[in-house]
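Structure first, then comments.
Read-outs throughout are calculated quantities, based only on the coordinates presented, and are distinct from any laboratory measurement. Please read these numbers as outputs of a predicted model, since none were measured by experiment. FYI the Cβ positions are ideal-geometry reconstructions off the backbone, even for glycines, and counts take in every protein chain you see.
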There are 2 protein chains.
Amino acid sequence: MDKRVPRDFETLRATILERRASLPKRIAQIAAYALDNPDDIAFGTAASIAASAGVQPSTLIRFAQQLGFDGFTSLQQVFRERLRERNSSYDERLAALRAKAEEGAGHRAIFDGFVAAASTSLSDISRALNDAHFEEAVTLLAKAETIYVLAKRRSYPVASYIAYALGKLKIRNQLVESAAGLNAEMIGFATPRDAVIAISFSPYAPATIEETRSIAEQGVPIVAITDSSFSPLAQFAKIWFEVAEADFGGFRSISATMALAMALTVAVGEKRRDAGRKRKT
Amino acid sequence: MDKRVPRDFETLRATILERRASLPKRIAQIAAYALDNPDDIAFGTAASIAASAGVQPSTLIRFAQQLGFDGFTSLQQVFRERLRERNSSYDERLAALRAKAEEGAGHRAIFDGFVAAASTSLSDISRALNDAHFEEAVTLLAKAETIYVLAKRRSYPVASYIAYALGKLKIRNQLVESAAGLNAEMIGFATPRDAVIAISFSPYAPATIEETRSIAEQGVPIVAITDSSFSPLAQFAKIWFEVAEADFGGFRSISATMALAMALTVAVGEKRRDAGRKRKT
DNA sequence: TATGGATTGGAATTATTATTTCATATTGAC
DNA sequence: GTCAATATGAAATAATAATTCCAATCCATA
C-alpha cells in the first residue's frame, strides 16, 4: 500500500489530473465527468451516475478502486465531504484553516490564514452593512463636485484604489497625499459642495484625524469608513460605516474595506450616469 | 390532499416551525434535529440519522409522512437540493447579482456583487495556489537585501500595502513610484542580491513591463503576480503566480492578489526571523 | 494477423437501506 | 381507573443499490 488514498477533494482532483493521460478510455470518461459534475457524484447512485456519464456502473467502481478507494461508496464520501465543507460557515472554515496552520504545513498556512481572514471580513460586512446608510452615502458623494480621498498607512491602499476607480469613471477626485507636505493647502480648496471619503482604523493616524477635522470645519460633508463608534472619525462624519476586519499574524485584512470602497465608487458612478440621463430627457 | 408538500428547504423549515407545538414528542425530537443538522439529513441513511437523533428509523419515516412526503427518501431530496443550491457555482451567483444590478435593484446589489467577486477570487486562489512555488518565492525574497516593489494603476494599491507591511516588519524595501520620473535611476541601484515583487494584470501597464525587463536584465530575481502564462511578466520572472480575479461592474476585485501579497510578506518576515534565530544559536 | 493482456459490458450476487407491520406503551377523556 | 386513540419500539420484509464475476471486445506487440 504505497499509494495513499486521497482524503480530500483537492488532493483527489490533483491525483486525477495527474493520471489523466494514463487512464483507459472509459475510466478517463468517468474521471472527466466526476471533475465536471462533482455534485452529481455526491448525490447520485452508482447506477444513475454511470448512466449520466455514459458508462457501466462497474466502470465507476473500477475508477474508484484505481484511485485507491475500496469502492464507489468511499469515493463518494470525498465528494460529500466537499459539499459539507463548502457549505460550512466561514467561521468553521477559518477554524479549519487555522487548524491546518497548527500542523505546521509550512508557509502555506500563512496564506490560508489570510484567505480565511479576508473571507470572514467579507461575510461580516455583508451581514452588517446598512442599506440606508449606503444609499445616503452614495447620494451625498454623487452630488459632490470633487471627491477628496483621505487615508494614511494601512488604509492608504484603499484610498489609492478609490482614486484610481473614480478616475476611470471620470469623476473628479483628489487623493490627499503627504508627498510635499502640502496637504493643508490642498484641503483648503475644498468647499461644502465637495465631499470627502475618509478612512482610518485604530490606531488612527493622527494626520488623518487632523485633516478630517479641519476639512469638516470648512463644512465639507464627510463619509467615513472606520472601525467603531468611538472612532474620532465618526464624530466628524455625516455618514460613517463600521467595518470589522479580521486579522491574521498581526496584519488586518482590508478586503471588506476594499469591497465597500469599490461598491461606493461604482454606485456613485451609476448614480451620476442616471442623473445625467434624466437631466437630458 | 389540500396540504401541499414543501418543495424547498425554506418552506419546509417554516412548516416545521409552525407545527412544532402540535407534534408528538419523538417526532418533535426528529424535527429539531433536522433543523439543527440539515447536512446530516442530506447525507445520512435513515438508520444513522435516527441513531444520531435518538429515535427509531420508523419515527423518521413517520415524520416525513406527516409533512406530506411519501417517505424519508423524498424528504431527503429537499435537504440535498438545499446543498446543491447553496453550492451552485459562484459564477451563477455573480451572474444573478449582475442581472439584479442591471435592472436597478438599488445600490445594495452593487455592494453584494463586489463582495461576491471578492469571495470568488479568494476561493479560486485558495484552490489554485501552488505550495512549492509559494515556498520558493518566500525563500527567494527572504534572502534579498532590498525588496523592490513594482506595480502601477490597478495593482498599485497592492504594492503600497506590501511596502507598508514590509516596513512594519523592518524589511528593507523600495516602492518604485513614478512621482518624480526617477524610476529608471531607482531601479539602477538594484543588484542580484536584491529581489523584486512585480504585479501587473492585463492590460499590462507598459511602464511596469519596461521596468521589469530592465531590472531583470540586471540579474535581479523577480517574483511576479499576474494573470496568465502569456503575461509579459511571466517571461522575466523566476517564479510567478497566476491569480484569476473575478470582476464586477467593470472593476476587478483585488482581494486574492491582496491575500497572496500579504501572505508572501508575512511569510518572508517569519522566514527571516527564523533564520536570524538560528544564526544566533 | 495471431496472441496475450488489459479493458469493458452486462447480468448475477451480495449488501445495504427504506419501509411496513405489529405488539407494546403512553396519553387523554370520561 | 378504564377505554380508546395515538404514539412508539423493534423486528420482518421489500426495495434499492453496490459490488463481483465472467464472457466479449479491444489493443498493442511480435
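Numbers below:
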{"quantity": "Debye log10 I(q)/I(0) at q = 0.20, 0.31 Å⁻¹ for region B:1-52, Cα point scatterers", "calculated": "-0.77, -1.23"}
{"quantity": "Computed over region B:119-230: relative contact order in percent, which uses C-alpha pairs under 8 Å that are six or more apart", "calculated": "29"}
{"quantity": "Using a 7 Å Cα-to-Cβ projection, B:G188 label spacings across copies, nm, ascending", "calculated": "3.7"}
{"quantity": "Residue order, fewest to most surrounding Cβ atoms within 10 angstrom, among A:M186, A:M262", "calculated": "A:M186, A:M262"}
{"quantity": "Sorted by Cβ density within 10 Å, fewest first, the residues B:E136, B:E10", "calculated": "B:E10, B:E136"}
{"quantity": "Loop trypsin sites (Lys or Arg not before Pro), region A:129-202 (other Cβ atoms within 10 Å of the site Cβ: 16 or fewer; DSSP)", "calculated": "A:K170, A:R172, A:R193"}
{"quantity": "Calculated Rg and Dmax of region A:104-162 using C-alpha coordinates, Å", "calculated": "16.7, 53"}
{"quantity": "Placed amide H near A:I225: partners under 5 Å, 5+ positions off or other chain", "calculated": "A:A198, A:I199, A:S200, A:F241"}
{"quantity": "Ranked A:T45, B:T208, criterion: other C-beta atoms within 10 Å, fewest first", "calculated": "A:T45, B:T208"}
{"quantity": "For A:A244, label point 7 Å along C-beta direction: distances to other copies, nm", "calculated": "3.3"}
{"quantity": "Pairwise FRET efficiency - B:A132 versus A:S229, Cβ, R0 = 51 Å, nearest 0.05", "calculated": "0.65"}
{"quantity": "Cα convex hull of the protein assembly as shown, projected area averaged across orientations, nm²", "calculated": "33.9"}
{"quantity": "Relative contact order of region A:120-183, defined on C-alpha pairs under 8 angstrom at six or more residues apart (%)", "calculated": "29"}
{"quantity": "Nonlocal amide H pairs with A:Q174, under 5 Å, H built at 1.01 Å", "calculated": "A:I147, A:Y148, A:V149"}
{"quantity": "Column: log10 I(q)/I(0), Debye, Cα scatterers of region A:187-273, q = 0.15, 0.16, 0.17, 0.25 Å⁻¹", "calculated": "-0.59, -0.67, -0.75, -1.27"}
{"quantity": "Overall dimensions of chain B by Cα: Rg and Dmax, Å", "calculated": "27.4, 83"}
{"quantity": "Charge sum, other residues only, whose C-beta stays under 15 Å from A:R26's C-beta, Lys/Arg counted +1 and Asp/Glu -1", "calculated": "+4"}
{"quantity": "Qualifying chymotrypsin sites (Phe, Trp or Tyr not before Pro) for region A:168-230 [loop in DSSP, other Cβ within 10 Å: at most 15]", "calculated": "A:F189, A:F230"}
{"quantity": "Estimated inter-spin distance, A:R193 and B:K25, nm [label 7 Å along Cα→Cβ]", "calculated": "7.7"}
{"quantity": "Percent RCO, i.e. relative contact order, over chain A, from Cα pairs under 8 Å lying at least 6 residues apart", "calculated": "16"}
{"quantity": "Inter-centroid distance (Cα atoms) of region B:171-242 relative to region A:33-61, Å", "calculated": "47"}
{"quantity": "Teacher prompt: B:G68 distances to equivalent labels in other copies, 7 Å Cα→Cβ, nm", "calculated": "4.8"}
{"quantity": "Straight-distance crosslink candidates among aspartates and glutamates, where the alpha carbon sits under 14 Å from A:K143 and sequence neighbours closer than 8 are dropped", "calculated": "A:E135, A:D194, A:E270, A:D274"}
{"quantity": "Interatomic Cα distance distribution for region A:123-272, bins of 10 angstrom, percent", "calculated": "12, 46, 36, 6, 0"}
{"quantity": "Cleavage-rule hits, trypsin sites (Lys or Arg not before Pro), region A:1-86, DSSP coil, Cβ neighbours within 10 Å at most 12", "calculated": "A:K3, A:R4, A:R7"}
